[in-house]
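Accompanying notes for the structure given below.
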Amino acid sequence: MKTQELKKTAKMLVADNKGILAMDESLPTCNKRFAKLQIPETEDKRRAYREMLVSTPGLGEFISGAILFDETIRQKTKGGIPMVKVLVDAGIIPGIKVDLGAKEMAAHQGEKLTEGLDGLRNRLAEYYQMGARFAKWRAVITIGNGIPSRANIEANAQSLARYAALCQEVGLVPIVEPEVLMDGAHTMDKCFSVTEEVLHTVFDQLYTQGVLLEGMILKPNMIVPGLACPKQESDEEIADATVKCFLRVVPAAVQGITFLSGGQTAELASARLNAMNARFKSKMPWKLSFSFGRALQQPALEIWNGNDANVPKAQKALYHRAECNRAACKGEYNTGVERK
Ligand code: 13P
């Protein structure tokens, strides 16, 4: 195992209060977001959009790494520069989504199991050669009537751990993403108990499969009430619950925790991350940072809207969200930073 390289990359991904830009939407997800804005769902539009993101001036001040989709890592800008080179030149580490999506789990209605382990060793070797230095695999856990089941939690945890071990073998830092979904009317307490069980199971499997904790990043959900829950706790209550849960189940050897945004608004995601760092930064063994998709991209996507003329404005919006979230990593985000 390339232990030193893994530790170094993992450290760099959470150094200097920076975070990760998740821009690895699969074809169906990216197309769905384009369709909402009536942007043509073509390869060239996806390239144009992603080129706009990666070439945002100054993005490397706030962003340590960017997660790409398979299509993007193979693409070049309109001017012929590989996307990977644009990132590296900006001081941003290229990463790659390597799972093949969450599919219906057999015999477990309403639950999903992520696929992509077959042939993964060869795909990882190719991505490393193309310049990726970290990877991502997302497992999805749904809260509902009688779910999640132990079968679903254990199967997803084992897949995450097998993926992580394969990544480390080739020198890619695994981002381990078990996402407990916000969909539903469940309470924050329910999210706490499910996330606690999921993370406990995931770290048990990571240990069993021989994964180096110092050479990985955890990408979890925050502990939040379901989107349809009538009781919505304050940012401070969410920060307290999230940190309490992680202190119980995330080993101190893990380099960093980079949250997904999961459907929270951009401002709420920043405010909640900020509340955690403002209250607990000096007391936590790991860095608490971000690996947001929608909460970084959505304002920029809406401004860009498929039109080249909007690129500078859209890039400003992405730069701004990245700046807000770096401030949140320091516990220094507030309305002044937001309105800047
Ligand atoms: P969101 O921040 O939009 O949840 O996306 C993060 C991600 O990478 C999901 O896999």
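Residue by residue, here is whether (1) touching a Phe, Trp or Tyr at 6+ places or on another chain (Cβ under 8 Å); (2) closer than 21 Å to Phe134 by Cβ holds:
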{"site": "Pro220", "(1), (2)": "yes, yes"}
{"site": "Lys231", "(1), (2)": "no, no"}
{"site": "Asp235", "(1), (2)": "no, no"}
{"site": "Val249", "(1), (2)": "yes, no"}
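Among the residues of the stretch 176-215, count how many are among the acidic types (Asp, Glu) and within 15 Å of the ligand (Cβ to nearest atom).
3
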Filtering the stretch 283-306 down to residues that are among the small types (Gly, Ala, Ser) and either within 23 Å of Gly215 (Cα to Cα) or more than 8 Å from the ligand (Cβ to nearest atom) (or both), which residue is nearest to the chain's Cα centre (by Cα)?
-> Ser291
Here the qualifying pairs (Cβ atoms under 9 Å; residues six or more apart or on different chains; first in the stretch 283-303 and in contact (Cβ under 8 Å) with a residue 12 or more places away in the chain and within 30 Å of Leu247 (Cβ to Cβ); second of a type in the set (Lys, Arg) and near the ligand (Cβ under 8 Å from one of its atoms)) come out as Ser291/Lys136; Ser291/Lys219
Near pairs, Cβ below 6 angstrom, 6+ apart or cross-chain, from the stretch 19-31 (closer than 13 Å to Ala135 by Cα) to any residue that is at pLDDT below 95 and of a type in the set (Val, Ile, Thr) = none
Among the residues of the stretch 110-130, write down those that are out of contact with any Lys or Arg (no Cβ under 9 Å at 6 or more places or on another chain), more than 17 Å from Phe69 (Cβ to Cβ) and touching a residue at least 12 places away in the same chain (Cβ under 8 Å).
-> Gly110, Glu111, Arg121, Ala125
Of Ala102, Ala106, which residue is of a type in the set (Gly, Ala, Ser) and surrounded by fewer than 17 Cβ atoms within 10 Å (Cβ to Cβ)?
-> Ala106
Restricting attention to the stretch 209-216, does a residue exist that is buried (at least 19 other Cβ atoms within 10 Å of the Cβ) and in contact with a Lys or Arg (Cβ under 7 Å, 6 or more places away or on another chain)?
-> yes
Going by the structure shown, is Asn310 buried (at least 20 other Cβ atoms within 10 Å of the Cβ) and either more than 13 Å from the ligand (Cβ to nearest atom) or under 20 Å from Glu25 (Cα atoms) (or both)?
-> no
Considering only the stretch 239-270, how many residues are under 20 Å from Val180 (Cβ atoms) and either away from the ligand (no atom under 13 Å from the Cβ) or among the acidic types (Asp, Glu) (or both)?
-> 16
The correct count of residues that are hydroxyl-bearing (Ser, Thr, Tyr) and not in a loop (DSSP other than H, G, I, E, B) in the stretch 52-90 is 2
Read through the list (1) over 21 Å from the mean Cα position of the chain (by Cα); (2) over 27 Å from Leu21 (Cβ atoms); (3) part of a helix (DSSP H, G or I), then give the number of the only condition that Ala125 fails.
-> (2)
Matching entry among Lys316, Lys330, Lys340 (being modelled with pLDDT under 95 and of a type in the set (Lys, Arg)) | Lys340
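The values are calculated or read from the model by the stated rules, or taken from the named source; none is laboratory data. Predicted model only: the values in this text are computed from it and were never measured. Neighbour counts run over all protein chains shown; Cβ positions are idealised from the backbone, glycine included.
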